[in-house]
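Quick notes on the structure that follows.
The values are calculated or read from the model by the stated rules, or taken from the named source; none is laboratory data. Please read these numbers as outputs of a predicted model, since none were measured by experiment. Cβ: placed from backbone, ideal geometry, glycine included. Neighbour counts: every protein chain shown. Surface accessibility is based on the protein's heavy atoms, side chains included, excluding ligands, DNA and RNA. Shrake-Rupley method; radii C 1.70, N 1.55, O 1.52, S 1.80 Å.
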Amino acid sequence: MVFNSKNLISDYGNVFAEVNACRTSAALFDFSFMFVAKLSGKGALKVVAHITDRNFQSMTSGKIGYALSHSAQGFLRSDLTVWRVSADVFLIMTGLEEDIDGLIALGQNNKDCNVEDLSRKIAIYSVQGPASLGVLNKLVDDERLSSLPYFGFAEFNIDGLICFIGRLGYTGERGFEIILPIENDFQIWERLSNKARPCGFSAIDRLRIEAGFVLFANEFQLPVSAGDVSLQSFTQKISSPPSYRLVCFQAETDQKLDSWSPGSDISPPLPGCISVTSACHQNEERAGIGLGFILINNDVRGGEYVDQLGVFGKLIEVKKPYYDTLKKRPRGDWI
């Protein structure tokens, strides 16, 4: 497999083995497709407030905050993380390039805040799984690393490179994200891939669906509020009561489900139906698992729903296995 940190690799040959590595040992993901901006200056916090209404005034340096951005109509458009480096320096990470474009435009009109686009200057790797601490503690100060709180980060030295390492992830598992200069990315990738199994986007998509985590490009396609996706704790926006409820389901299907989404065919849920937003294979027998919306207070007796697009049969709601709405802790302990 040719490695290119700015390309999305679907998989490394065996999605199910990649998922199993993350759940049982350690997996390595390349998240360098994310868009990143650095905000610095005494007006940085005010610029952050233009992209999200979550209040980061009291967040201390070395902490990471999960946040939401809204469209002009008040619906969710993306989710992002805010890393507070110091009192007047922040990193913003998002999957939506328009978020960074908006920040740059704000910075051009604000003499108290400089906005720098770092998207093509850094690489972002994620080591996830119960053995991820063991993978990294051979490269950095393991005592400082093990003491990092969930959604905390610090500066570390890897092979003479100054990197940020944060304790968080998109899998529901224990894990870390590493931010490093892109000119040295291959060197670090090689070292990490000798200790953790490289995994592609198909694996991360299945892992986040199992965890019940949203992907803005899928779950935010419908006009939904934070309440519709149970993320109202991360916004101060006052909205009307939720119209939908996001559910996790199991289903039968003959379709190939590599990071499946309905695309432009998505439509609001009808009574007794699930509007499916994301799906993947749960196992090698091609049983499906996915996320989708039902109308609020429209639980079906017996638990079997209809798929509006006809792709899935026998849709049964299941409990989100590792769903942590308040993002207070990941699943399990280190091994």
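Restricted to the stretch 19-45, and to residues there that are modelled with pLDDT of 95 or more and among the charged types (D, E, K, R), the residue that is surrounded by the most Cβ atoms within 10 Å (Cβ to Cβ) is Asp30.
Taking into account only those residues within the stretch 253-272 that are touching a helix residue (DSSP H, G or I) at 6+ places or on another chain (Cβ under 8 Å) and buried (at least 18 other Cβ atoms within 10 Å of the Cβ), which is nearest to Phe201 (Cα to Cα)?
The initial filter retains those residues of the stretch 253-272 that are touching a helix residue (DSSP H, G or I) at 6+ places or on another chain (Cβ under 8 Å), namely 258-259, 261.
After this cut, where a residue has to be buried (at least 18 other Cβ atoms within 10 Å of the Cβ) as well, the list is 259, 261.
Working: Ser259: 8, Ser261: 14 Å.
It comes out as Ser259.
Scanning the stretch 229-272 for residues that are outside any strand (DSSP E or B) and among the aliphatic types (A, V, I, L, M) returns Val229, Leu231, Ile238, Leu257, Ile266, Leu270.
Out of the residues in the stretch 273-307 that are among the aliphatic types (A, V, I, L, M) and in contact with an Asp or Glu (Cβ under 9 Å, 6 or more places away or on another chain), state the one that is most open to solvent (accessible area, probe 1.4 Å). Don't jump to the end; show me each part of the working.
Here is the first cut: in the stretch 273-307, the residues among the aliphatic types (A, V, I, L, M) are 274, 276, 279, 287, 289, 291, 294-296, 300, 306.
Next, only the ones that are in contact with an Asp or Glu (Cβ under 9 Å, 6 or more places away or on another chain) stay: 274, 276, 287, 289, 291, 294, 296, 300.
Working: Ile274: 0, Val276: 6, Ala287: 32, Ile289: 8, Leu291: 0, Ile294: 0, Ile296: 70, Val300: 43 Å².
Only one residue tops the list, namely Ile296.
Among the residues of the stretch 106-114, is there at least one that is of a type outside the set (Asp, Glu), open to solvent by less than 20 Å² (accessible area, probe 1.4 Å) and outside any helix (DSSP H, G or I)? Yes, that holds for at least one residue. Cβ separations smaller than 9 Å between residues 6+ apart or across chains give the following pairs from the stretch 270-282 residues that are touching a residue at least 24 places away in the same chain (Cβ under 8 Å) and over 19 Å from Val300 (Cα atoms) to residues that are open to solvent by 10 Å² or more (accessible area, probe 1.4 Å) and of a type in the set (D, E, K, R): Cys280/Arg206; Cys280/Glu210; Cys280/Asp258; His281/Arg206; His281/Lys256; His281/Asp258; Gln282/Arg206; Gln282/Glu210.
A search for C-beta distances below 7 Å between a residue of the stretch 57-73 that is without any contact (Cβ under 8 Å) to a residue 40 or more places away in the chain and any residue that is surrounded by 10 or more Cβ atoms within 10 Å (Cβ to Cβ) and hydroxyl-bearing (Ser, Thr, Tyr), counting only pairs 6+ apart in sequence or on different chains, returns Ser61/Ser86; Ser69/Thr52; Ser69/Ser78.
Would you pick out the residues in the stretch 73-105 that are charged (D, E, K, R) and open to solvent by less than 60 Å² (accessible area, probe 1.4 Å)? Give the derivation first.
So in the stretch 73-105, the residues charged (D, E, K, R) come out as 77, 79, 84, 88, 97-99, 101.
The answer is Asp79, Arg84, Asp99.
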